[in-house]
Amino acid sequence: MEQRARERLGERIRPDGGVVLLTVECQQGVVGPESALPELAAAARASGALRNVARLVAAAHEADVQVVHAVAERRPDGRGANSNARLFRAAARLPVQQHSGSTAVRIAEPIEVAEEDLVVRRLHGLSPLAGTDVDPLLRNLGCRTLIVTGVSANVAVPNAVFDAVNLGYTVVVPGDAIAGVPADYTPAMIRHTLALVATITTTDEILACWKFPRRSGGTGSASGGGTAGGTGSTGSTGSSGKAGSAGRPGKAGNAGGAVSRS
């Protein structure tokens, strides 16, 4: 990355400048050893994407950057789940189900979930943002820039990127921290689609920016003004959650039943 581009990235993802790290469907039943989608799980591990997500999450914790984990799950009775596309019908027949409360919907190793992380669970749709608590939580956190990581580059990741852009967020995608199938599809998706709407970077470039921030002095992971249309009220608790954990001011607590710790 050229120096000027690196400086722009550093300004955009400053820990005190309204940045949030989003992990998409990095759950045991998707990318873990007992995945319902073994080809995708293998790609996430072989490419290093899952390890890079873990590195970014660990660095975010150190830099006081808010982390949000988006999890896709399903009730055992399927109530409320989509059935209007072939993907949903195929998922309902898989031997490993992403049932609420099961180990399949726990965040997969080597990613570590900290006390201050938010875990947002959805029972429907393709997107981590559409119709979920993610957008209001981001606005309450004062998020302006969203770093999107995880799986898959086929469906959920591009949905997250497009929805975030449509909602007014600036999106950053570390290309080596997302994965899809087949393996050569991911770089094609990045080059021909995601690069048109998001800043494409690498895990190492983000870590370098967080290790040597251009400015400091913020008190929360996503302090600063709100996003498009947002009020930027850091520390909001969403529906009925507790305030942020001690020592980490400016972070939203878990919002009702839709947001939980893994």
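Taking only region 65-83 into account, find how many residues are within 19 Å of the chain's Cα centre (by Cα), part of a loop (DSSP other than H, G, I, E, B) and farther than 30 Å from residue 211 by Cβ.
So the answer is 1.
Among all residue pairs at least 6 apart or on different chains, which show Cβ distances below 6 Å where the first residue, located in region 171-185, is modelled with pLDDT under 95 and the second is crowded, with 22+ Cβ neighbours inside 10 Å?
Short answer, once both residue conditions are applied: 183/43.
In the set 12, 74, which member is out of contact with any helix residue (DSSP H, G or I) (no Cβ under 7 Å at 6 or more places or on another chain), closer than 26 Å to residue 205 by Cβ and in contact (Cβ under 8 Å) with a residue 12 or more places away in the chain?
Criteria check complete, one pass: 12.
I'm trying to understand the selection: among the residues of region 134-168, which are over 10 Å from the mean Cα position of the chain (by Cα), hydroxyl-bearing (Ser, Thr, Tyr) and within 11 Å of residue 178 (Cα to Cα)?
Within region 134-168, 152 is the sole residue that qualifies.
Among the listed residues 94, 87, identify the single one that is open to solvent by 20 Å² or more (accessible area, probe 1.4 Å), touching a Leu at 6+ places or on another chain (Cβ under 9 Å), touching a residue at least 60 places away in the same chain (Cβ under 8 Å) and among the hydrophobic types (A, V, I, L, M, F, W, C).
Criteria check complete, one pass: 87.
Any idea how many residues of region 125-144 are at negative phi and open to solvent by less than 10 Å² (accessible area, probe 1.4 Å)?
8
From the list 56, 94, 50, which one is of a type in the set (A, V, I, L, M), farther than 18 Å from residue 113 by Cβ and either at pLDDT 95 or above or in a loop (DSSP other than H, G, I, E, B) (or both)?
After ruling out the rest, the residue left standing is 94.
The values are calculated or read from the model by the stated rules, or taken from the named source; none is laboratory data. Small disclaimer: the values here were computed from a predicted structure and weren't measured. Neighbour counts are summed over all protein chains in view; Cβ atoms, including those assigned to glycine, are modelled from backbone coordinates with ideal geometry. Note: accessible area is taken over every heavy atom of the protein model, side chains too, but ligands, DNA and RNA are not part of it. Shrake-Rupley method; radii C 1.70, N 1.55, O 1.52, S 1.80 Å.
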